[in-house]
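Structure in structure tokens, see below.
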Amino acid sequence: MKALILHGDLDGLTSGAVLYNILYNTGFRQLIVLISQPFSLHRTLEKIFYRKNLTEIFLIDISVDIFSWYKIRQYLKELASKAKITWIDHHKSTLYKVRELTDIGVKIIYENDGCTATIMRKIYVERTDNILFFKKITIIGEISDKVFKGVPEDHLIKLTNMLSSVLALKTRDDKFKIDLVKKWAIEKRYIDDYIKEEAFIARKKLKELSNIVKNHIIFSSDNIMIIDFSNISLKGFTGKIALDLSNRYKKIVVIIFTPNRRETVFTCRVPDEGYENINAAEIFYKIAEKIGGGSGGHKKAASLRLPTVKRGYALKTMLFLFNKFLKNYQY
């Protein structure tokens with residue numbers, strides 16, 4: 001039995017669909033598909049730890065979370081003794097753990113030029129049963145991660161916006177995400193009427209949240225805007241709101257929210273132009289290393305998860321580092 005553990009964003013899901021199609025058509029019809037986040041990967045691995053007849057595990061588009069790394073490593077070490085493990089990813093935090101991962105028997109397929117969907121198109125798409133469809137699926141993953149090179153087709157941009165809106169609305173609905181992967185992998189359908197209906201609801205919700213942004217801005221300069229949504233239910237719209245504001249105001253936008261009483265999350269989006277010196281993932285990784293937290297993402301889009309008691313220090317450090325890079329200093 002084979003297991004696919006996917007990040008729940010469009011990069012992870014589109015990448016998972018490519019691999020699912022290949023395995024399904026090779027005769028593996030009983031595939032375990034699980035959705036995970038970097039900070040919860042150890043709990044996801046626990047779900048399959050005692051599975052019998054588990055022969056292969058794929059981790060797709062999941063960055064290494066420093067805060068839970070020890071637990072993740074222990075599970076992987078034990079699982080690697082009975083199953084082949086392949087980790088396909090593009091995040092820097094995963095690259096930093098390559099030696100440790102290979103030492104415990106995990107195969108790494110890594111590239112930071114693009115995203116995980118880029119890797120899937122280069123290595124796996126030719127093995128699918130519909131090369132053109134799955135090339136376009138991986139482009140959707142790249143558009144969503146803001147790494148597509150060139151000008152994408154208009155219909156792919158529209159599909160990406162629609163799908164990302166629905167995923168924001170259904171951020172905790174893993175069954176929907178898994179069904180979406182299977183729809184792409186087996187039926188080769190981008191969307192259906194249900195997704196169209198959910199996209200309409202998502203647009204209304206996003207508009208509601210966008211209308212109250214100005215009441216929650218706690219810092220704004222020529223280059224940076226910070227919004228505190230600590231007491232607001234955002235569902236999965238945080239990244240989309242940050243992206244829309246970043247594009248509108250041509251600023252780095254950071255949204256702060258609290259998923260629970262003990263933790264605070266910073267989500268950042270960087271404009272496409274004029275901020276070449278800024279690498280949000282690097283900055284958040286450095287903060288996580290210093291204060292004990294987890295981070296993930298890439299140059300233009302990243303998140304930082306930390307204990308709420310360290311929020312003030314993290315905020316000051318983040319502003320300090322962003323301003324240093326903006327002034328062309330080297331950290």
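Do you know the relative contact order of segment 2-197, to the nearest whole percent, from alpha carbon pairs under 8 angstrom that are 6+ apart?
Contact order relative to length: 26 percent.
Sorted by average packing, counted as other Cβ atoms within 10 angstrom per residue and highest first, what order do 170-178, 86-94 take?
The packing order, highest mean first, is 86-94, 170-178.
On to the next question. Can you compute the helix-only [θ] at 222 nm over the chain? Use -39500 (n - 2.57) per DSSP H run of at least 4 residues, normalise by all residues, nearest 500 deg cm²/dmol.
-14000 deg cm²/dmol
Out of these labelled values of P(r) over Cα pairs in 20 Å bins from 0, in percent, (1) 30, 56, 13, 0; (2) 22, 39, 29, 9, 0; (3) 32, 60, 8, which was calculated from the coordinates shown here?
So the structure-derived entry is (3).
Relative contact order for segment 236-331: what is it in percent, counting Cα pairs under 8 Å that are at least 6 residues apart?
23 percent
Before anything else, pin down the relative contact order of the chain: Cα pairs under 8 Å, at least 6 apart, normalised by residue count, whole percent.
Taking the mean separation of contacting Cα pairs over the length of the chain, I get 15 percent.
Set the Förster radius R0 to 51 Å, insert the Cβ-Cβ distance between Asn215 and Glu126 as r into 1/(1 + (r/R0)^6), and round the FRET efficiency to 0.05.
Efficiency, rounded to the nearest 0.05: 0.50.
Something else now. Based on the alpha-carbon gyration tensor of segment 212-326 and its eigenvalue square roots a ≥ b ≥ c, which shape applies: rounded if a/c is under 1.5, prolate if not and a/b is larger than b/c, or oblate?
Judged from the Cα gyration tensor, segment 212-326 comes out oblate (a/c at least 1.5, b/c at or above a/b).
R0 = 25 Å: FRET efficiency of Lys250 with Tyr313, Cβ-based, nearest 0.05?
0.30
How many percent of DSSP beta bridges within segment 208-300 run antiparallel, rounded to 5?
Percent antiparallel among DSSP bridges in segment 208-300 is about 60.
Placing +1 at every Lys and Arg Cβ and -1 at every Asp and Glu Cβ, with all other atoms neutral, what dipole size does segment 2-197 have around its Cα centre, in debye to the nearest 20?
Dipole of segment 2-197, to the nearest 20 debye: 580 debye.
Now for a different question. If you take the beta carbon distance between Lys107 and Ile32 as r and set R0 to 22 Å, what does 1/(1 + (r/R0)^6) give as a FRET efficiency, to the nearest 0.05?
Efficiency, from the Cβ-Cβ distance: 0.75.
Sticking with this one: Going by Cα centres, segment 154-184 and segment 1-54 are how many Å apart?
17 Å
What ranking do 35-43, 113-121 get when scored by the average of other Cβ atoms within 10 Å per residue, highest first?
Highest to lowest by the protection proxy: 113-121, 35-43.
At Arg43 and Asn260, where each label point lies 7 Å from the Cα along Cα→Cβ, what is the point-to-point distance in nanometres?
In this crude spin-label approximation the distance works out to 0.6 nm.
Report, in debye and to the nearest 20, how large the dipole of the chain comes out about its Cα centre when Lys and Arg carry +1 and Asp and Glu carry -1 on their Cβ.
For this selection, approximately 680 debye.
With a 10 Å cut-off between alpha carbons and a GNM built on the chain, which of Gly141, Gly296, Gly150 moves the most?
Sorting by GNM fluctuation, first place goes to Gly150.
Please give the length that would be gained between Asp193 and Arg99 if that part of the chain were fully extended, namely 0.36 nm times their separation in residues minus their C-alpha to C-alpha distance (nm, one decimal).
Between Asp193 and Arg99, full extension yields an extra 29.2 nm.
Oh, and also: Considering the chain as a Gaussian network with a 10 Å cut-off on Cα pairs, which listed residue, Lys97, Lys251, Lys47, attains the greatest mean-square fluctuation?
Lys47
Given Lys71/Lys177; Lys135/Lys177; Lys92/Lys149, which pairs have Cα atoms separated by over 22 Å?
Beyond 22 Å: Lys71/Lys177.
Ranking Lys316, Lys136, Lys250 by Cβ neighbours within 10 Å, fewest first, what do you get?
Least crowded to most crowded, the residues run Lys316, Lys250, Lys136.
Here's another thing I want to ask about it. Treat each spin label as a single point 7 Å out from the Cα along the C-beta direction, and report the Asp179 to Lys207 distance in nm.
2.6 nm
Quick note: the coordinates plus some simple rules give every number you see, no bench work behind them. These numbers come from a predicted model, not from an experiment. No Cβ is skipped: glycine too gets one built from the backbone with ideal geometry, and neighbour counts run over all protein chains shown.
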